[in-house]
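Shown next, in structure tokens, is the structure this report addresses.
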Amino acid sequence: MMPRLSLLLCLSALSGTLAAASPEVGGVRLWNADDHTRVVLDLNQSASYKLFTLANPDRIVLDIQGAEIKPGAAALVPLGPVKGLRSGRQGRDLRLVLDLNETQRVKSFLLPPAAGIGHRLVVDLFDPENAKSTIKTVPLVVAQAAESDGQRKVVVAIDAGHGGEDPGALGGNGSREKNITLAVAKELAALVDQEPGMKSFLIRDSDFFVPLNKRYELAREAKADVFISIHADAALAKSAKGSSVFVLSNRGASSEFARMIANQENQSDLVGGVSIGDKDTTLAKVLLDLSQGATMEASEIVATNVLTGLKNIGNVHKHEVQRANFVVLRAPDVPSILVETAFISNPTEEKRLNDPEHRSNLATAIVAGIRDYFSTSPPIGTWYAANPQKARQHIVSPGESLSLIAERHRVSIARLRTENSLTTDTLHVGRVLKIPTSS
């Protein structure tokens, strides 16, 4: 009896192993971007599949070899060109049919697990006429930034990190980095647009994914004068706290912290469906070896100004500007910085990031740093270049001291006193101070 029982147990275990080895579709999700619609099938493992399109009516057919689908996984709300999803069998294979409103160009690929997300089969749908494109908003932004008297506004490109298929870091209470960064980005854009010489350009204004290299390409298309990428990082230690500001380093990260953060953020393309590791190595080297001396120097100035502003509203994780090889900061001709607003993994900071007042304070600190940069380094033909006196003013805010204002504008306290005929360091909220040039 024992040998027979052992055989039955082995056969039962083998049967269970074979059943577990079958690919299974656990869910289907839709994301809408400005230039395409993404369909994501969550899988328990990698799978082989075939895809083809049919017309009259328009539809996309996916045959996934030997796969099953969880009950209810095919239910989805219509979005964009996708009317619905049907499932059935084609022999041993799972057949999924996407019903469409109109013909689409189709791109599909499999993604391995990354950043806590499992195997996925991704189907991207593009308008064949390419009528919808994120780029289409750029000429409008440039036109809005121009003034009839030739004093154009500087364009501030604001990049809300992550988005769509890539949620970013996750807080202990369920906050998603992609939502926090979008909220801060919108607040920052609103404040930028209130400045007399600035105009904002949002890389994304809703919940969709933008590949990392396309983010800085969009900034360049918009003729941005500066690029600000907003993030909220995470750490294993829940006690980690504070803001950090990064600039690009082509020679490696300035610290282990910077290296870790850069690796996390650079995974976004893999999560979102664009591998950055399969590009031609020569092209990648050319991109990284571009002469960026002046741009990187300007980035350092912007980052220092922004970091000074963040120090004024709370803790900073690093008191010096950090350097790391972030993909999103690689524009060769646009000063670019990345701001880690706080640690979403810290319960206290997660709560603050969800507080509109705190997000407003963050945006105010960032825009102050941007303003100071353009006041000291105004691009030719801009409002800042034409109005140096108006640009070199500072309105005293609650909690600000003369030393703090001097540090922010990179001038001495003595020169600040002399310029404003101050006999005491006591400042009244609302007073307008003249800021001397830093030279």
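The values are calculated or read from the model by the stated rules, or taken from the named source; none is laboratory data. What you see is a predicted model, and the numbers here were worked out from it, not measured in a lab. Cβ atoms come from the backbone with ideal geometry, glycine included; neighbour counts cover every protein chain shown. We work out accessible area using only protein heavy atoms, side chains counted, and drop any ligands, DNA or RNA first. Shrake-Rupley method; radii C 1.70, N 1.55, O 1.52, S 1.80 Å.
The residue list Gly66, Gly72 contains one member that is open to solvent by less than 40 Å² (accessible area, probe 1.4 Å) and on the phi > 0 side of the Ramachandran plot, which is Gly66. Considered as a group, the residues in the range 399-424 that are of a type in the set (S, T, N, Q) and part of a helix (DSSP H, G or I) include one that is nearest to Gln151 (Cα to Cα), and that residue is Asn420. Condition test on Ala237, is it at pLDDT 65 or above and buried (at least 20 other Cβ atoms within 10 Å of the Cβ)? Answer is no for this residue.
At least 1 residues being open to solvent by 10 Å² or more (accessible area, probe 1.4 Å) and closer than 26 Å to Arg152 by Cα is the threshold, and among the helices (runs of 4 or more DSSP H) wholly inside the range 297-398 those reaching it are 356-376, 383-386, 388-391. Only one entry of Lys199, Lys223 meets the criterion of being assigned to a loop (DSSP other than H, G, I, E, B), open to solvent by 10 Å² or more (accessible area, probe 1.4 Å) and more than 12 Å from Asp159 (Cα to Cα), and that entry is Lys223. A count restricted to the range 361-378 and to residues that are within 16 Å of Asn315 (Cα to Cα) and touching a residue at least 60 places away in the same chain (Cβ under 8 Å) stands at 4.
If the condition is being farther than 18 Å from Val226 by Cα and modelled with pLDDT under 85, then the range 291-324 contributes Asn312, Ile313, Gly314, Asn315. From the list Ala33, Ala73, Ala67, the one residue that fits, being touching a residue at least 40 places away in the same chain (Cβ under 8 Å) and out of contact with any strand residue (DSSP E or B) (no Cβ under 7 Å at 6 or more places or on another chain), is Ala33. Give me a count of the residues in the range 159-179 that are among the polar types (S, T, N, Q), within 26 Å of Val367 (Cα to Cα) and open to solvent by 50 Å² or more (accessible area, probe 1.4 Å). Going through the range 159-179 one residue at a time, the tally reaches 1. Say we look at the range 77-97 and pick out the residues that are open to solvent by less than 20 Å² (accessible area, probe 1.4 Å) and in contact with an Asp or Glu (Cβ under 9 Å, 6 or more places away or on another chain); which of these is farthest from Asn56 (Cα to Cα)? Per the criteria, the residue is Leu94. Could you list all residues from the range 202-217 that are buried (at least 22 other Cβ atoms within 10 Å of the Cβ) and either among the charged types (D, E, K, R) or modelled with pLDDT of 90 or more (or both)? Within the range 202-217, Ile203, Arg204, Arg215 meet the criteria. Would the range 32-43 turn up any residue that is of a type in the set (Ser, Thr, Tyr) and exposed (fewer than 15 other Cβ atoms within 10 Å of the Cβ)? No.
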